1. Of the conditions (1) within 29 Å of A:Thr27 (Cβ to Cβ); (2) more than 12 Å from chain A (Cβ to nearest Cβ); (3) buried (at least 18 other Cβ atoms within 10 Å of the Cβ), B:Met186 satisfies every one except a single condition; which number is it?
2. Can you spot a residue in segment A:74-90 that is more than 10 Å from chain B (Cβ to nearest Cβ) and either surrounded by 14 or more Cβ atoms within 10 Å (Cβ to Cβ) or of a type in the set (Val, Ile, Thr) (or both)?
3. Restricting the search to segment B:57-88, which residues are assigned to a loop (DSSP other than H, G, I, E, B) and over 19 Å from B:Thr196 (Cβ atoms)?
4. Under 27 Å from B:Ala159 (Cβ atoms), among the acidic types (Asp, Glu) and within 14 Å of the chain's Cα centre (by Cα): does that describe A:Glu88?
5. For A:Pro96, state whether it is buried (at least 18 other Cβ atoms within 10 Å of the Cβ), at pLDDT 95 or above and more than 10 Å from chain B (Cβ to nearest Cβ).
6. Is it the case that some residue within segment B:144-161 is in the same structural domain as B:Ala192 (by TED's automatic domain parsing), in contact (Cβ under 8 Å) with a residue 12 or more places away in the chain and of a type in the set (Lys, Arg)?
7. Scan segment B:63-99 residue by residue and report those that are in contact (Cβ under 8 Å) with a residue 60 or more places away in the chain, among the β-branched types (Val, Ile, Thr) and either surrounded by fewer than 23 Cβ atoms within 10 Å (Cβ to Cβ) or at positive phi (or both).
8. Going through A:Ala80, A:Ala95 one at a time, which residue ends up being of a type in the set (A, V, I, L, M, F, W, C) and assigned to a loop (DSSP other than H, G, I, E, B)?
Amino acid sequence: MSEAEPSYAVGDRVRILDIGKPGHVRTPTYIRHKVGTIERFCGMFENPEDKAYGRWGLPPIPLYRVQLKQDDIWPDYDGAPGDVLEIEIYDHWLAPAGETT
Amino acid sequence: MSDHDHDHDDHAPTREDDDLELTEGEARFLALKSLLIEGGVMTADEIRARMEFNERGSPHQAARMIARAWVDPDYKARMLADTKSAAAELGIEATEAALVTIENTPERHNMVVCTLCSCYPRSLLGEPPAFYVSKAYRSRAVREPRKVLREFGVDIPDAVDIAVHDSNADLRYVIMPMRPQGTEGMSEEELAALITRDSVVGCALPVEPA
């Protein structure tokens, strides 16, 4: 699969992966394995996982904002059922929600 | 020279000196700075000027934009669609790669955190406050936002949803608070004075008009 094109559309259900990559990655641990919905496509960005180590981070990769229900992140979440969290995730950290990690 | 008694501590520092011992980060910064200067890569003045530039932003920039948006629906639409261009319209140079404005509504309150470090829209808000950089805020804002907001004195009723925005990657966020009641007829400048730094992070509401 090419990483140069956005693979997801607004409203798609996605699972945030744990790809086991060490170093300067921008997908926090607390959100890995969680399922949410594509809120928007943010554009193409140079890969920060490469840029952090002096490389160019090219070609640019798609970045999305994913919206998750707080109840789907924290089983004991204390708040309103409509509370959500939105977070930016790069394409290669996502899979369609139907697929297993 | 005077019998004036100084026991009232007028000149006492407001906090203890914290630069007596270097942290690891400070030592590394000074070492790197020396190498850059000695190697002729940058001058000390260039490094100082960049630090000054980094600290030039102030919450007043974002406040001006939001006050304009409150009085001008067309500007508001442009700011929501393209925050960087809307900043440029007011002569504000935004150096962030991408800026996004999120609007508070009667149905949804928004707040921003960077759980990974301290990503922040510095061009529009200046340097982030200490709480924003603290591990406590960064870990708790995503886990128990309502409790954190209550500690800031903001009680969001359960009928209003809360959206937490993790500013973890390339976008930087500005929260547009709702215009308070009783501000009809106020000038843009008066409105801007109601918009505090923390209200643009989503940890406060705008100041109520007197």
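1. Of everything listed in (1) within 29 Å of A:Thr27 (Cβ to Cβ); (2) more than 12 Å from chain A (Cβ to nearest Cβ); (3) buried (at least 18 other Cβ atoms within 10 Å of the Cβ), B:Met186 misses just condition (1).
2. Checking segment A:74-90: not a single residue is more than 10 Å from chain B (Cβ to nearest Cβ) and either surrounded by 14 or more Cβ atoms within 10 Å (Cβ to Cβ) or of a type in the set (Val, Ile, Thr) (or both).
3. Quick first cut of segment B:57-88, residues assigned to a loop (DSSP other than H, G, I, E, B) only: B:57-58, B:72, B:82.
Listed by number, the residues that qualify are B:Asp72, B:Asp82.
4. Numbers: under 27 Å from B:Ala159 (Cβ atoms): no; among the acidic types (Asp, Glu): yes; within 14 Å of the chain's Cα centre (by Cα): yes.
No, not satisfied.
5. On the way: buried (at least 18 other Cβ atoms within 10 Å of the Cβ): no; at pLDDT 95 or above: yes; more than 10 Å from chain B (Cβ to nearest Cβ): yes.
Judged against the criteria, A:Pro96 is not a match.
6. Residues of segment B:144-161 that are in the same structural domain as B:Ala192 (by TED's automatic domain parsing), as a first pass: B:144-161.
Filter once more, keeping what is in contact (Cβ under 8 Å) with a residue 12 or more places away in the chain: B:145-146, B:148-149, B:152-154, B:156, B:160-161.
Now drop any that are not of a type in the set (Lys, Arg), which leaves B:146.
Checked against the condition, which is being in the same structural domain as B:Ala192 (by TED's automatic domain parsing), in contact (Cβ under 8 Å) with a residue 12 or more places away in the chain and of a type in the set (Lys, Arg), segment B:144-161 yields at least one hit.
7. Answer for segment B:63-99, where residues must be in contact (Cβ under 8 Å) with a residue 60 or more places away in the chain, among the β-branched types (Val, Ile, Thr) and either surrounded by fewer than 23 Cβ atoms within 10 Å (Cβ to Cβ) or at positive phi (or both): just B:Val71.
8. One residue alone meets the criteria, A:Ala80.
The values are calculated or read from the model by the stated rules, or taken from the named source; none is laboratory data. Bear in mind that the values here come from a model prediction, so they are computed numbers and not experimental data. A quick note on method: Cβ atoms are made from the backbone with ideal geometry, for glycine too, and the neighbour counts reach across all protein chains shown.
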